[in-house]
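The values are calculated or read from the model by the stated rules, or taken from the named source; none is laboratory data. What you see is a predicted model, and the numbers here were worked out from it, not measured in a lab. Using ideal geometry, Cβ is built from the backbone for each residue, glycine included, and neighbour counts are taken over all protein chains shown.
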Amino acid sequence: MLTHPLLPKLRELKLSAMALNLDVRAAQATERQLTPVEFLALLLDDEIERRGQVRLARRLAQSGSDGQKTLAHFDFASAPGVNRTLIQELATCQFIARHENVLFCGPSGVGKSHLANALACEALKRDYRVLARPTHRLLHDLHATRANGSYSRYLARIVNVDLLVLDDFGLQPVSAQAGQDLYEIICERYERGSIIVTSNRSFDEWCEVFGNDLLASAGLDRLTHHAHTMIIRGQSYRQRSRRKEHDGAPLASPTTHR
């Protein structure tokens, strides 16, 4: 059916999924004795699915999220410190509708960033607006916009997205100006938009990130209010993988020196 008269019309209308699946769907229609409406419904479903995938891929790229780090790819068996029930509840994204925050705290390599990214992916699937960045990178980029006149526009994007993911909170020191910017972001989003924070620092160390005790107290009070907190304990998944690879590696062949 390569010369089917519908093909050029579908291509002209940029209905590529319908054009691609036309042969298969036509064969199914004949085999199952589908009505014309049922046949058309199958083709339309194909096109809707393709456009949804394209839209999701575009929004993933714009958000800064990683489409490979989803809940389906998270190894809960290797992360006994993770409250799976809470994660599944958060994956419904009701916390975003309620403007609540999520705080992941624990040592490096226990899955904090993966879980934050996975929740961001779930939010994107539900058409929420998402921005995900390492905290120091977000603050650096925001500061850089002051030089090109786009500060207000970028700050508005940070403040107005439905979900903001601040990864590696406190991993790197920030300037006094960055601490002010961070405080303003938290204040502007308070009870208006959700924030997910990951950090390998204990909560009593978070004040050091701001470099100002007064800002820290006021900012963290807002950040931790209406928040779901998960402290993940355990060994680094990356370190465990390295040990397994090392333990399972064959012995090196002896080297002959000449």
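Among the residues of the stretch 136-180, those that are farther than 23 Å from Asp204 by Cβ and of a type in the set (D, E, K, R) comprise Arg137, Asp141, Arg146, Arg153, Arg157, Asp162.
Applying the condition of being touching a strand residue (DSSP E or B) at 6+ places or on another chain (Cβ under 7 Å) and not in a helix (DSSP H, G or I) to the stretch 168-194 and asking which residue is modelled with the lowest pLDDT yields Gly170. Sort out which residues of the stretch 54-101 are of a type in the set (A, V, I, L, M, F, W, C), assigned to a helix (DSSP H, G or I) and buried (at least 17 other Cβ atoms within 10 Å of the Cβ), and write them in order of number. Across the stretch 54-101, the qualifying residues are Leu60, Leu71, Ile87, Leu90, Phe95, Ile96. Of the residues making up the stretch 32-53, those that are of a type outside the set (S, T, N, Q) and under 27 Å from Leu124 (Cβ atoms) are Ala41, Leu42, Leu43, Leu44, Asp45, Asp46, Glu47, Ile48, Glu49, Arg50, Arg51, Gly52. Of all residues assigned to the stretch 35-53, none qualifies as being closer than 30 Å to Pro134 by Cβ, loosely packed, with under 13 Cβ neighbours inside 10 Å and within 13 Å of the chain's Cα centre (by Cα).
For the stretch 73-89, the condition of being in contact with a strand residue (DSSP E or B) (Cβ under 6 Å, 6 or more places away or on another chain) and at pLDDT 95 or above holds for none of the residues.
For Gln68, state whether it is farther than 30 Å from Ser194 by Cβ and either out of contact with any Cys (no Cβ under 6 Å at 6 or more places or on another chain) or of a type in the set (A, V, I, L, M) (or both). Answer is no for this residue.
For Asn101, indicate whether it is of a type outside the set (Gly, Ala, Ser) and at pLDDT below 95. Considered against the rule, which asks whether it is of a type outside the set (Gly, Ala, Ser) and at pLDDT below 95, Asn101 comes out as no.
Quick check, is Arg137 under 17 Å from the mean Cα position of the chain (by Cα) and either at pLDDT below 95 or not assigned by TED's automatic domain parsing to the domain that holds Asp181 (or both)?
no
From the list Val165, Val197, the one residue that fits, being in a strand (DSSP E or B), modelled with pLDDT of 95 or more and in contact with a helix residue (DSSP H, G or I) (Cβ under 6 Å, 6 or more places away or on another chain), is Val165. Within the stretch 20-34, can you find the residues that are surrounded by fewer than 16 Cβ atoms within 10 Å (Cβ to Cβ) and more than 38 Å from the chain's Cα centre (by Cα)? Of everything in the stretch 20-34, those that are surrounded by fewer than 16 Cβ atoms within 10 Å (Cβ to Cβ) and more than 38 Å from the chain's Cα centre (by Cα) turn out to be Ala27, Thr30, Glu31, Arg32, Gln33. In this structure, is Ala19 among the small types (Gly, Ala, Ser) and modelled with pLDDT of 85 or more? No: the conditions fail for Ala19.
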